[in-house]
Structure formats: structure tokens, C-alpha cells
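Engineer: What follows is a single structure, and I will ask about it in a moment.
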Amino acid sequence: GNKSPQAKLVILGDMGAGKTSLVLRFVKGHFNEYQESTIGAAFFTQVLSLNEGTLRLDIWDTAGQERYHSLAPMYYRGAAAAIVVYDITNKDSFVRAKKWVQEVQNQGKPGMVMFLVANKVDLADKRAVGNEEAEQYARENGLSFMETSAKTAENVNELFYDIARTLAKA
Ligand code: GTP
């Protein structure tokens, strides 16, 4: 077969932060105003074309509800990259995101590529988490930072392609 090199990507974050919405926007080009909460985890795969060649991203979209927390290590262990998402209109989701960062940095693969993602930037009038605070946190913890909207598609392709390019260079 003519198989692409592949990399495992995990998406973590509080329930409702927009994990599934970001993946569906990227993989299918869709957005659902009433996206259902994920149960357990969901798997998606997408082949990306880069200058370096193609890369297949195997994407694990985890469930943010607390009762699924104990499943998360199965998905982030062995992952080459992680996206930790929060909702800019929800301060608790930023607190939760920082906890995910600490957990994955302690338990995940050393040298993992990690992005902190501020989602729902289309809801700027309801913003509860300042960008400077998040950017500073990202900088201090060695993460890349990106602002996205799964609804408008702002920065969604950029996010996944940035990760793929970083992995392809690694
Ligand atoms: P869990 O599966 O429970 O962990 O949630 P999740 O992080 O996968 O969130 P999900 O993608 O299900 O989105 C939760 C809600 O937020 C849905 O109603 C989405 O339509 C909405 N949503 C997601 N992303 C955005 C966004 O960028 N902007 C706006 N306005 N709404 C969004």
C-alpha cells in the first residue's frame, strides 16, 4: 500500500469548549449549533498535504464531562500532539484547560507538541478570559497559542496545519 506517515493527535478540554466542533469544522467543513456532548471519545482521521509530503492525522476527540476523565490517559498516552481547548466566554473552562496542560505535561510523551486553543472568538462580546493572560500562560509553559472559532472557521485549518507542519519537521 501507499500509506502516509501518521501521527496521533488528542484533543482535550472542558465539556462544551468546542472540541468536537473544531474537529468537525476541520474534517467535514460543518458546524452544528446544537452539537451533542461526546460520550467516551470519537475518532477521526484526515490526510494533510504539506510541502514535506502527506501526513495522516489520527485525531482522538475526548469527552469533556468529568465522569470520563479517567479515560483520558488512554488517548493522550502515545500521542505526538495535543490540543487543549477552552471557551473564551467561560472562565472555568480556562482553569480546566490549565489542569489538562499540567496533567499531559506530567504524564504524556516528553516533547509532545501542545497547542492551547482559545475557541469561540466569534463571541467576543461575551469574553471572560483575556488573551494576554492565556498567551502568557502558554509562553511560560512552552505551548503554542491560537484563537479559533469553529463557528466561523477562523484559524481552524491554520491550527491543524500548524500542528502537522510542526510534527513533520520534528
Ligand atoms: P464535550 O463533548 O461535552 O466535551 O464538548 P465539546 O468540547 O466537544 O464541545 P462541542 O463541540 O460539543 O460544542 C459545545 C457547544 O458549543 C455546541 O453547542 C457548539 O455549537 C458550540 N460551539 C462550539 N464551538 C463554537 C464556536 O467557535 N463558536 C460558537 N459560537 N459556538 C461554538
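Every read-out reported here was derived from the displayed coordinates using simple, explicitly stated rules and does not represent laboratory data. Bear in mind the structure is a predicted one, so any value in this text is a computation, not a measurement. Virtual Cβ from ideal backbone geometry, glycine too; neighbours counted across all protein chains shown.
Engineer: Only one of Tyr76, Tyr68 is surrounded by fewer than 19 Cβ atoms within 10 Å (Cβ to Cβ) and among the aromatic types (Phe, Trp, Tyr). Can you tell me which?
Structural biologist: Tyr68
Engineer: Can you tell me which residue in the stretch 40-65 is surrounded by the most Cβ atoms within 10 Å (Cβ to Cβ), limited to those that are within 29 Å of Arg96 (Cα to Cα) and of a type in the set (Ser, Thr, Tyr)?
Structural biologist: Thr62
Engineer: Could you please find all residues in the stretch 104-159 being among the acidic types (Asp, Glu) and either more than 19 Å from Leu57 (Cα to Cα) or more than 16 Å from the ligand (Cβ to nearest atom) (or both)? I'd like the intermediate steps shown before the answer.
Structural biologist: First, pick out the residues of the stretch 104-159 that are among the acidic types (Asp, Glu): 122, 125, 132-133, 135, 140, 147, 154, 158.
Once the filter is applied, which keeps residues that are among the acidic types (Asp, Glu) and either more than 19 Å from Leu57 (Cα to Cα) or more than 16 Å from the ligand (Cβ to nearest atom) (or both), the stretch 104-159 yields Asp122, Asp125, Glu132, Glu133, Glu135, Glu140, Glu147, Glu154.
Engineer: Of all residues in the stretch 4-25 being more than 12 Å from the ligand (Cβ to nearest atom) and either surrounded by fewer than 20 Cβ atoms within 10 Å (Cβ to Cβ) or not aliphatic (A, V, I, L, M) (or both), which is nearest to Phe160 (Cα to Cα)?
Structural biologist: Taking the candidates together, the pick is Lys8.
Engineer: Has the stretch 31-46 got at least one residue that is among the β-branched types (Val, Ile, Thr), within 16 Å of the chain's Cα centre (by Cα), more than 20 Å from Lys169 (Cα to Cα) and in a helix (DSSP H, G or I)?
Structural biologist: No, because not a single residue in the stretch 31-46 is among the β-branched types (Val, Ile, Thr), within 16 Å of the chain's Cα centre (by Cα), more than 20 Å from Lys169 (Cα to Cα) and in a helix (DSSP H, G or I).
Engineer: Residue by residue through the stretch 34-59, note down the ones that are in contact (Cβ under 8 Å) with a residue 24 or more places away in the chain, more than 15 Å from Ala164 (Cα to Cα) and either hydrophobic (A, V, I, L, M, F, W, C) or within 7 Å of the ligand (Cβ to nearest atom) (or both).
Structural biologist: Hits for the stretch 34-59 are Ser37, Thr38, Ile39, Ala41.
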